[in-house]
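The values are calculated or read from the model by the stated rules, or taken from the named source; none is laboratory data. Computed from a prediction, not measured in an experiment: that's the story for all the values here. Ideal geometry is used to build each Cβ from the backbone, glycine not excepted, and the neighbour counts take in all protein chains shown.
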Amino acid sequence: MHISAKVDYAIRATVELAALQQGGGGLLTAERLGEAQGIPRPFLATILQQLRRAGIVDSKRGVDGGHRLAKPAAQIALADVIRAVDGPMAAVAGVAPEQVEYVGASAPLREVWVAVRASLRSVLEVTTVADLASGQLPPVIGELIAAPGAWDRR
């Protein structure tokens, strides 16, 4: 799976906002958010706009303005953030895996792509922004990273 810089930045931005929320803070300006996470401003502006459209982030204009999560961090799965900035997970050439049809020897490939999507969901839909902000990851993460070969780069 390729994780784009945009997805990485979006998750880091939401986690930073979650940490602020957990600390009882209010709003965070885009400038301070970008500095805190090393996110280039042009990228961040686009990402925050997409997160606002998806109902993940709220913003307030003006001198006292800034950004905050639109709902509790525990209600925002990483999958929600990914879909907000990158669209559906595990699309095959822009098409949902269950809609792809193959013929001949490649026919079972559709089931493989659906299984890949299900595997991604088993991690990204149960891991929340709050989990990352608190450092308390779901057990499935520990189980997967402890599996033989999990850390092998191949």
Matching residues in segment 18-50 - criterion: being in contact with a helix residue (DSSP H, G or I) (Cβ under 7 Å, 6 or more places away or on another chain), aliphatic (A, V, I, L, M) and either more than 17 Å from Gly87 (Cβ to Cβ) or at pLDDT below 95 (or both): Ala18, Ala19, Leu28, Ala30, Leu33, Ala36, Ile39, Leu44, Ala45, Leu48
Near pairs, Cβ below 7 angstrom, 6+ apart or cross-chain, from segment 127-146 (touching a residue at least 40 places away in the same chain (Cβ under 8 Å)) to any residue that is assigned to a helix (DSSP H, G or I) and surrounded by fewer than 10 Cβ atoms within 10 Å (Cβ to Cβ): none
Within segment 119-154, considering residues that are acidic (Asp, Glu) and either assigned to a loop (DSSP other than H, G, I, E, B) or touching a His at 6+ places or on another chain (Cβ under 6 Å) (or both), the one nearest to Ile76 (Cα to Cα): Glu125
Residue that is of a type outside the set (Gly, Ala, Ser) and in contact with a Pro (Cβ under 9 Å, 6 or more places away or on another chain), where the choices are Val112, Val100, Val140: Val112
Per-region count, segment 35-71, residues crowded, with 18+ Cβ neighbours inside 10 Å and either more than 17 Å from the chain's Cα centre (by Cα) or not in a helix (DSSP H, G or I) (or both): 6
Residue within segment 107-118 that is outside any helix (DSSP H, G or I), surrounded by 13 or more Cβ atoms within 10 Å (Cβ to Cβ), within 19 Å of the chain's Cα centre (by Cα) and not aliphatic (A, V, I, L, M) present: no
Any hit, segment 77-84, residues being surrounded by fewer than 15 Cβ atoms within 10 Å (Cβ to Cβ) and within 22 Å of Ala13 (Cβ to Cβ): no
Test: residue in segment 17-26 that is touching a residue at least 40 places away in the same chain (Cβ under 8 Å), part of a helix (DSSP H, G or I), closer than 16 Å to Leu124 by Cβ and not aliphatic (A, V, I, L, M): no
